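A short write-up of the structure that comes next.
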Amino acid sequence: MSDPDRLVRELESCSVALLEALRRRDAIYLEYLQRREQLLARLFGMVAPNTGPEARAALERVRILGNLAVVEAQRMRHAVATDLAALEQERRIAKGLREVCGPHSLSLDVRA
Amino acid sequence: MSITPLSFTGISKFSNDFQTILNRSVSIASLPAKLLENEQKSILDKKMAVADLRSAVSDLASSLTQAGRLGSGGALTAISSSTTVVATAGSGAAPGSYVISDISSLAAPAVATSASGYANSSTAQVSSGDHKLQIVAGGVERTIDLTAATDNLEGVRDAINRLNLGVAASVIDTHQEPQRYFLSINATSPGEQTIELRRVADDPASNLLEVTNPGSNAKFKVNGRDVTVTSNSVSSVVTGVNLELKGLTAAGEAIHVAVSADRTPVSSALQAFVDAYNALSRKVDAQIGKNAGVLTGDPVVFNISDRLREVIGFQGPGAFRSLSDLGITLDSAGVMSFDSTAITWMGSAELQHAFEFLGDGATGLSSLALHLTALSDPVNGFMRSQLSSYDEADSRLTQQISDINARVNAMQATMMARLQAADTLLASLESQQNMLTATIDSLNLVTNGRKDQ
């Protein structure tokens, strides 16, 4: 097996690990992300016209895995937006406080 | 604690979205704090309004109290026919007239000075050698123990002053050599008295001093009766009246002191009462009705309104039944006015009726000051407790605002970290996918002459 072929396979397994880590929301994804970047950089200068069909197919799988990783990252962003929606609860608390502290509220009535 | 806005510095194409998320979240989380801040301002406005009312209530109470003092004292003033005697009427004075005559002596303090001078005030010995002297002042004899170092004029002076015998000692420098220094001892209050400084105890013959002024009592006659007192300010002869003797009378001279009611302070007090009433009434009106202020519906306003109605509806127990008998009227708008001529033209009997109406602080119109003070008292008054409740609410809100802001800051920091992580991940993946796509495209181009396979 040639060096580029080995590199492509290693890149494929790294992409799989990255995707799984992202799905688990495991911080180890940072290591896989960094490793994937290094492998891609090395591969960029090594691919040649005689690259075998298996390696080409593997590269295509790596790209698909990358797209899936992007989708997962967007889901993470969506999770933050979901938390934002949860802040609506704060808004309801604010409304409640306004009622409690209003001009005729019991909390400010010295006779209460 | 305030909220510090964080600025998102993202690197992916989603950065603007991230900043929007962050701003929106901080804005929502800050809502409760903003609402509470509005409530705080409302409380502050109420506090200022109550404090303003309390001051006006206090002014009205003071004016009634002052009217009560006039009522109990009869607004008496004392007038003297001569500047030789200045008369002042005070508490307990009664109307009447008095003749002051035969002021033969004014009170003066006794003064004695050493018969001989001394060449030096700090070294020349005063005692006969035993460093002991005896002072006689105010009918009291005291031994002065000196030392070799203090047996001199200055040492004797200091020792006498430490005894607190009602005399003050000092050293006089005549600048007449050779014996330029003398010891002077004077009584601190007027009146006849003996002052001696003896070298030998109980031996008047050894007295070092000679009398400069023996001191004197004030001697005069009140309504033909002899009076002898030790001061020129005499308040113990005519009850409630102080007589200040300024000089001697000529032979046969008689000074007339008349104590009688004065209408001017009565008019002034009633005008002050009317002004204070109108000031308070205006402030209360501003809190009632369609355009009422921040205290609309507040029990403080109702309480004060009740007290004001009590004032204008007060009925006197005697011949004067209402404020109108004093020349005080209320127009249709509720504004009080005072016609001072009503007081000016009152006879003595009517003036007494007026004093009776005003009362003495415990009775009459002036007794209503107690009801007003119950509202305005700075320690125990109803309005004070109202202000305290505002203070408590204010500090409670301050704490809540601080807590909310702290929570928002923490939330903001956490969200910022999460957004940064997501943004970095997306940017890296975008870069990697671009690189990968470029690699594959390059391969396809070399192999097939086109990018897509």
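The values are calculated or read from the model by the stated rules, or taken from the named source; none is laboratory data. Because the structure is predicted, anything quoted here is derived from the model rather than measured. Every residue, glycine as well, gets a Cβ built from its backbone with ideal geometry; the counts of neighbours run over all protein chains shown. Side chains included, ligands, DNA and RNA excluded: accessible areas come from the protein's heavy atoms. Shrake-Rupley method; radii C 1.70, N 1.55, O 1.52, S 1.80 Å.
Taking the criterion of being in a helix (DSSP H, G or I), over 22 Å from the mean Cα position of the chain (by Cα) and modelled with pLDDT under 90, would at least one residue in segment B:360-382 satisfy it? Scanning segment B:360-382 turns up no residue that is in a helix (DSSP H, G or I), over 22 Å from the mean Cα position of the chain (by Cα) and modelled with pLDDT under 90.
All of B:SER116, B:SER128, B:SER91 fail the test of being surrounded by fewer than 19 Cβ atoms within 10 Å (Cβ to Cβ), of a type in the set (Gly, Ala, Ser) and in contact with a Lys or Arg (Cβ under 7 Å, 6 or more places away or on another chain), apart from B:SER128. In a residue-by-residue description of segment B:400-417, the property of being at pLDDT 80 or above, within 8 Å of another protein chain (Cβ to nearest Cβ) and buried (at least 19 other Cβ atoms within 10 Å of the Cβ) applies to no position. Of all the residues in segment B:418-431, those that are among the polar types (S, T, N, Q) and more than 8 Å from every other protein chain (Cβ to nearest Cβ) number 2. Total residues in segment B:329-359 satisfying the condition of being more than 31 Å from the chain's Cα centre (by Cα) and either closer than 17 Å to B:ALA61 by Cα or not assigned by TED's automatic domain parsing to the domain that holds B:ALA286 (or both): the figure is 0. The one condition from (1) more than 8 Å from every other protein chain (Cβ to nearest Cβ); (2) crowded, with 17+ Cβ neighbours inside 10 Å; (3) closer than 22 Å to A:LEU11 by Cα; (4) polar (S, T, N, Q) that B:ASN434 does not meet is (2). With respect to the conditions (1) modelled with pLDDT under 70; (2) β-branched (Val, Ile, Thr); (3) assigned to a helix (DSSP H, G or I), A:VAL80 lacks only one, and its number is (1). Considering B:SER389, B:SER395, the condition of being at negative phi, under 58 Å from the mean Cα position of the chain (by Cα) and crowded, with 17+ Cβ neighbours inside 10 Å is satisfied by B:SER389 alone.
A single member of B:VAL211, B:VAL234, B:VAL241, B:VAL227 is over 30 Å from B:ALA115 (Cα atoms) and in contact (Cβ under 8 Å) with a residue 40 or more places away in the chain, and it is B:VAL241.
Put simply, of B:ILE144, B:ILE160 the only residue that is part of a strand (DSSP E or B) and in contact with a strand residue (DSSP E or B) (Cβ under 7 Å, 6 or more places away or on another chain) is B:ILE144. A count restricted to segment B:102-121 and to residues that are hydroxyl-bearing (Ser, Thr, Tyr) and touching a Ser or Thr at 6+ places or on another chain (Cβ under 6 Å) stands at 2. Residues that are among the aliphatic types (A, V, I, L, M) and open to solvent by 50 Å² or more (accessible area, probe 1.4 Å) were ranked within segment B:35-58; the one that is farthest from the other protein chains (Cβ to nearest Cβ) is B:MET48.
Residues that are open to solvent by less than 80 Å² (accessible area, probe 1.4 Å) and of a type in the set (Ser, Thr, Tyr) within segment B:231-269 comprise B:SER231, B:SER233, B:SER235, B:THR249, B:SER260, B:SER267, B:SER268, listed in sequence order.
For B:GLY318, the conditions (1) without any contact (Cβ under 8 Å) to a residue 12 or more places away in the chain; (2) within 30 Å of B:GLY334 (Cα to Cα); (3) over 35 Å from the mean Cα position of the chain (by Cα) are fulfilled apart from (1).
If you go through segment B:343-382 and pick out every residue that is closer than 19 Å to B:GLY318 by Cα and hydrophobic (A, V, I, L, M, F, W, C), you end up with 11.
Pairs are defined by a Cβ separation below 9 Å, a sequence spacing of at least 6 or placement on different chains, a first member in segment B:410-432 that is touching a residue at least 60 places away in the same chain (Cβ under 8 Å), and a second member that is in a helix (DSSP H, G or I) and basic (Lys, Arg); the pairs so defined are B:LEU419/A:ARG77; B:ALA422/A:ARG77; B:ASP423/A:ARG77; B:LEU426/A:ARG77. Restricting to segment B:365-379, name every residue that is open to solvent by 10 Å² or more (accessible area, probe 1.4 Å) and over 18 Å from B:VAL301 (Cα atoms). Passing the criteria: B:SER367, B:VAL379. Using beta carbons and a limit of 9 Å, which pairs, at least six apart or on different chains, have the first residue in segment B:356-371 and within 22 Å of B:ARG54 (Cα to Cα) and the second one of a type in the set (Asp, Glu) and part of a helix (DSSP H, G or I)? If the second residue must be of a type in the set (Asp, Glu) and part of a helix (DSSP H, G or I), the pairs left are B:LEU368/B:GLU310; B:HIS371/B:ASP306; B:HIS371/B:GLU310.
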